[in-house]
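Worksheet: one structure, shown below.
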Amino acid sequence: MKLVCAIVQGEDAAACVRALSSSGISVTRLQSTGGFLQQGNVTLLTGVDESRLDQVLQVIRENCRERNRYLTPSPPMVEAGEMFMPYPVEVQVGGATIFVLNVETFQRL
Ligand code: 2BA
């Protein structure tokens with residue numbers, strides 16, 4: 001068995017969960033926050049038999065897309081009379097960041 005941890009953008013999460021559930025794949029949705037942008041994202045946890053791993057990855061691929069986000073740098077210390085123009089920096093956030101882990105044991109009590 002494999003555990004798929006997929007970090008996806010909030011906008012894609014609902015469609016992704018719907019598509020997984022309607023394919024008969026169990027999924028848990030956790031609210032999370034990206035360390036770099038400090039913006040909300042969603043972590044999906046899915047435990048599946050290895051034979052369905054490709055299907056899970058395909059569903060995620062079909063429902064998540066890349067977007068550009070903007071990060072406004074925080075102002076540095078400036079001397080009196082100096083000015084800081086905080087130009088936003090463009091960052092590409094991927095469709096999904098996916099980790100696939102081997103599951104040692106799986107129990108439903
Ligand atoms: P964030 O950490 O908020 O990162 C958002 C996007 O900012 C990243 O998109 C990447 O394009 C950029 N970025 C991240 N760290 C950077 C840095 N130190 N310098 C410059 N640019 C940086 P993605 O790579 O698609 O990642 C989307 C989200 O997936 C991340 O949100 C984070 O929550 C998660 N993630 C990505 N890689 C991870 C990893 N190795 N371990 C754990 N979580 C990860």
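The values are calculated or read from the model by the stated rules, or taken from the named source; none is laboratory data. None of the values given here were measured: they were computed from a predicted structure. Note that we place each Cβ from the backbone using ideal geometry, even for glycine, and neighbour counts take in every protein chain shown. Heads up: the accessible areas ignore ligands, DNA and RNA and are worked out on the full protein's heavy atoms, side chains in. Shrake-Rupley method; radii C 1.70, N 1.55, O 1.52, S 1.80 Å.
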Are any of the residues in region 61-82 touching a Cys at 6+ places or on another chain (Cβ under 7 Å) and under 16 Å from Ala15 (Cα atoms)? yes
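Here's the yes/no breakdown for (1) assigned to a loop (DSSP other than H, G, I, E, B); (2) among the aromatic types (Phe, Trp, Tyr); (3) open to solvent by less than 50 Å² (accessible area, probe 1.4 Å):
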| site | (1), (2), (3) |
| --- | --- |
| Leu53 | no, no, yes |
| Val56 | no, no, yes |
| Ile60 | no, no, yes |
| Asn68 | no, no, no |
| Pro76 | yes, no, no |
| Ala80 | yes, no, no |
| Met83 | yes, no, no |
| Pro86 | yes, no, no |
Pull out all pairs, ordered by first then second residue, where Cβ-Cβ is under 8 Å, the residues are six or more apart or on different chains, the first lies in region 65-76 and is over 14 Å from Gly34 (Cβ atoms) and touching a residue at least 40 places away in the same chain (Cβ under 8 Å), and the second is within 11 Å of the ligand (Cβ to nearest atom) and acidic (Asp, Glu). none
Say we look at region 88-101 and pick out the residues that are near the ligand (Cβ under 9 Å from one of its atoms) and open to solvent by 80 Å² or more (accessible area, probe 1.4 Å); which of these is farthest from Ser23 (Cα to Cα)? Gln92
Evaluate the following for Val56: is it away from the ligand (no atom under 16 Å from the Cβ), within 25 Å of Met1 (Cβ to Cβ) and in contact with a helix residue (DSSP H, G or I) (Cβ under 9 Å, 6 or more places away or on another chain)? yes
Restricting to region 3-18, count the residues that are of a type outside the set (Gly, Ala, Ser), assigned to a helix (DSSP H, G or I) and surrounded by fewer than 17 Cβ atoms within 10 Å (Cβ to Cβ). 2
Matching option when the condition is within 25 Å of Leu20 (Cβ to Cβ), away from the ligand (no atom under 16 Å from the Cβ) and within 17 Å of the chain's Cα centre (by Cα), among Glu62, Glu66, Glu50, Glu104: Glu62
Residue, least open to solvent (accessible area, probe 1.4 Å), within region 19-42, restricted to residues that are of a type in the set (Val, Ile, Thr) and outside any loop (DSSP other than H, G, I, E, B): Val42
Of all residues in region 9-31, which are closer than 22 Å to Asn102 by Cβ and either among the acidic types (Asp, Glu) or within 16 Å of the ligand (Cβ to nearest atom) (or both)? Leu30
